[in-house]
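The values are calculated or read from the model by the stated rules, or taken from the named source; none is laboratory data. Owing to the predicted nature of the structure, the values given are computational and were not obtained by experimental measurement. So basically every Cβ, Gly included, is an ideal-geometry build from the backbone, and we count neighbours across all protein chains shown. Accessible surface areas use protein heavy atoms only, side chains included; no ligands, DNA or RNA. Shrake-Rupley method; radii C 1.70, N 1.55, O 1.52, S 1.80 Å.
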Amino acid sequence: MPLINIILTPAEFEYYNISTNDNIIVVIDIFRATSTIVTALANGAKSVIPVSSIDEARRLKANGFLIAGEKNGIPIDGFDFGNSPLDFINVEKIKNKDIVITTTNGTQAIQVAKNKGQIIIGSFLNLNAVADYILQQNKDLVLLCAGWKNKFNLEDFVFAGSLTHYLYSTKKYELDSDSALLGYLTFDRSRRKLKEFLNMASHKKRLENLNLEADIDFCLTINKYPIVPKLVNDKIILG
Ligand code: MLT
């Protein structure tokens, strides 16, 4: 039976000995990077290219790419977009374009997982599509939470717990770690009052301080976009 692991922060990734390509890694940054990537692709972007640094993104802008991102939640000077998913809805400018993105945690988590498995991008916006895709693949599953600067984040963990709950309930998966077990239990206890539970999350408070309540609501919308973005040759595309 395939196994489920939840990795709480990118810093823990190395301890899980994930060295084969025969697994699926879901990268999760609910507030907001993975929610933004899903939204950009669902709204017609051709690809999203995650990069590690602001300088790299700026170099790519000089080569004609649109660039997006944030540092500590704040938009970056000279970038075409910040990291708000709302910036990408019904925007003609992104249609069929490659968009380079760099963020404080989400794109860093993608870099950590690169070449260690098939990377897919998870968010509440595409929860069921991701879950159904994983079920069809029947492979070991790693749920990698981006967290905040290698610290634990509740919203990423609850999302990982929701996927774990769905898959484990099919009886086709085993839980391979206490973090997966805790994810299952946490979602089981919180699912009927998810928004209330996530009200306590530190990153939610951080975004509220930046007046980004609309982003928070949007990122907690479930199943708005039935898509499964995958990292293929350094670009995130719809598979
Ligand atoms: C990140 O990648 O760190 C985030 O998505 C931060 C944010 O924009 O809220």
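Observations on the model:
- The residue pairs whose first member lies in the range 26-43 and is near the ligand (Cβ under 10 Å from one of its atoms), whose second member is of a type in the set (Asp, Glu), and whose beta carbons are closer than 7 Å, counting only pairs six or more residues apart or on different chains, are Asp29/Asp156; Ile30/Glu155; Ile30/Asp156; Phe31/Glu155; Arg32/Asp215.
- The criterion of at least 1 residues that are under 15 Å from the mean Cα position of the chain (by Cα) and within 17 Å of Ile6 (Cβ to Cβ) is met, among strands (runs of 3 or more DSSP E) falling completely within the range 140-239, by 140-145.
- Applying a threshold of 6 Å to beta carbon distances and a minimum spacing of six or more residues, or different chains, the list of pairs starting in the range 78-100 at a residue that is within 15 Å of the ligand (Cβ to nearest atom) and ending at one that is open to solvent by 30 Å² or more (accessible area, probe 1.4 Å) reads Phe81/Asp87; Gly82/Pro75; Val100/Leu60; Val100/Phe65.
- Within the range 126-156, the residues that satisfy the criterion of being under 18 Å from Leu231 (Cα atoms), open to solvent by less than 10 Å² (accessible area, probe 1.4 Å) and either touching a Pro at 6+ places or on another chain (Cβ under 8 Å) or not aliphatic (A, V, I, L, M) (or both) are Asn126, Leu141, Leu144, Cys145, Ala146.
- Restricting attention to the range 51-79, the residues that are under 16 Å from Lys97 (Cβ atoms) and in contact with a Leu (Cβ under 8 Å, 6 or more places away or on another chain) total 2.
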